[in-house]
Amino acid sequence: MLHNLHQGHRERLKNRFLSEGLDSFEDHQVLELILFQVLQRRDTNPIAHRLLDRFGSLSAVLEADPRDLASVEGVGKHAATFLSLLPAVTRRYFHDRVARNRPRLDNSELVTEYFIPLMAGRSEEVFYVLCLDAQCRVLYPALLSEGTVKETHVHPRRVVETAIRHRAVSVILAHNHPSGTPHPSRQDEDLTRRLVQTLGGVDIRVLDHVIVAGKDAYSFAESGVLPRYTEFTGG
C-alpha cells in the first residue's frame with residue numbers, strides 16, 4: 001500500500017514536469033524528482049527536506065562535496081555521486097553547445113553571459129583561456145587550471161602554448177572567485193599584465209580578463225584596464 005502511494009506521487013511529479021517544466025516546482029520537489037532516478041524504492045520527500053535543511057538551498061546541495069551529501073540520512077554514496085554529477089553535466093552541455101555554435105564574442109556583455117554558466121557550481125577556482133579567431137568567434141574554451149577555493153596557478157607558457165595550438169588570433173582570460181566578489185586582487189592584476197606582455201610577444205592579443213563570482217562579473221576591458229574591444233574589432 002505504501003509503495004503504491006509513493007509510486008503514485010512519483011508519477012504525478014514526473015507527469016507535471018513533462019507538461020509544465022520545473023518553473024513551478026518547489027526546491028524540495030526538484031530534489032525529489034532527481035532522487036527518484038537513484039532511490040527507486042525510497043520515499044524521497046523527507047530526504048529532499050533533510051538535504052535542504054543541511055545545506056540551505058538547491059544550488060548549495062548540488063555544489064556540496066559528495067562526502068557531505070552521502071552523510072545525510074537516506075542519501076548514500078550512489079545518490080551523492082548522482083547529485084554532484086548534475087552541475088558538471090550542465091557545464092559540459094554548455095561547453096559542447098557553445099563549441100558547436102561558435103558565437104562571436106566582441107564585447108564584455110557577451111563574454112560575461114558566456115562565462116557565468118560555464119563557472120556555475122564551481123566550488124574551486126578555475127582559469128580559462130578562450131581562444132578566438134579574427135572575427136572574435138570562439139575556437140576553443142581551454143580550462144587550464146583548477147585550484148582551491150581561494151586560488152589557482154597559471155603558467156604563462158601554458159597559456160601561450162594553448163593559444164598557439166588552437167591558432168588563436170586573440171584570447172579572453174577568465175577565472176572565478178567562488179567565495180568572494182568579482183573585484184580583482186593584486187595577483188589578478190599582475191597576472192593579467194604578465195599574460196598581455198607574454199602573448200603580445202607572439203602577436204596574440206588579450207581582449208579581456210573576466211572574473212566571475214556567482215551572477216556578478218568584472219571585466220578588465222570594461223573597467224578601462226585593458227583597451228576596449230572596439231579598438232581591436234572596429235565595432
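The values are calculated or read from the model by the stated rules, or taken from the named source; none is laboratory data. Please read these numbers as outputs of a predicted model, since none were measured by experiment. When we count neighbours, we look across all protein chains shown, and the Cβ atoms used for this are built from the backbone with ideal geometry, even at glycine.
Numbers at a glance
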quantity	calculated
Tally of residues being among the small types (Gly, Ala, Ser) and crowded, with 16+ Cβ neighbours inside 10 Å across region 37-66	2
Flag for residue 85 being under 20 Å from the mean Cα position of the chain (by Cα), surrounded by fewer than 18 Cβ atoms within 10 Å (Cβ to Cβ) and either of a type in the set (Lys, Arg) or more than 30 Å from residue 223 (Cα to Cα) (or both)	yes
Residue in region 6-26 that is at pLDDT 90 or above and either in contact with a helix residue (DSSP H, G or I) (Cβ under 6 Å, 6 or more places away or on another chain) or more than 24 Å from residue 76 (Cβ to Cβ) (or both) present	no
Residue 81 being closer than 21 Å to residue 60 by Cβ, touching a residue at least 24 places away in the same chain (Cβ under 8 Å) and β-branched (Val, Ile, Thr)	no
Members of region 136-150 that are in contact with a strand residue (DSSP E or B) (Cβ under 6 Å, 6 or more places away or on another chain) and either at pLDDT 85 or above or closer than 14 Å to residue 214 by Cβ (or both)	136, 137, 139, 140, 141, 142, 143, 144
Pairs where the first residue, in region 111-133, is under 25 Å from residue 203 (Cα atoms) and the second is of a type in the set (Ser, Thr, Tyr) and modelled with pLDDT under 90, C-beta under 7 Å, 6+ apart	127/145; 127/152; 131/140
Residue tally, condition in contact with a Lys or Arg (Cβ under 7 Å, 6 or more places away or on another chain) and under 17 Å from residue 31 (Cβ atoms), over region 47-106	4
First in region 1-19 and closer than 13 Å to residue 41 by Cβ, second anywhere and at pLDDT 60 or above and in a helix (DSSP H, G or I), Cβ under 7 Å, 6 or more apart	10/36
Condition check for residue 47: farther than 20 Å from residue 121 by Cα, part of a helix (DSSP H, G or I) and β-branched (Val, Ile, Thr)	yes
Qualifying residue in region 166-182 (condition: in a helix (DSSP H, G or I) and either surrounded by fewer than 15 Cβ atoms within 10 Å (Cβ to Cβ) or at pLDDT below 90 (or both))	no
Tally, over region 105-135, of residues that are of a type in the set (Asp, Glu) and either modelled with pLDDT of 90 or more or over 17 Å from residue 175 (Cβ atoms) (or both)	3
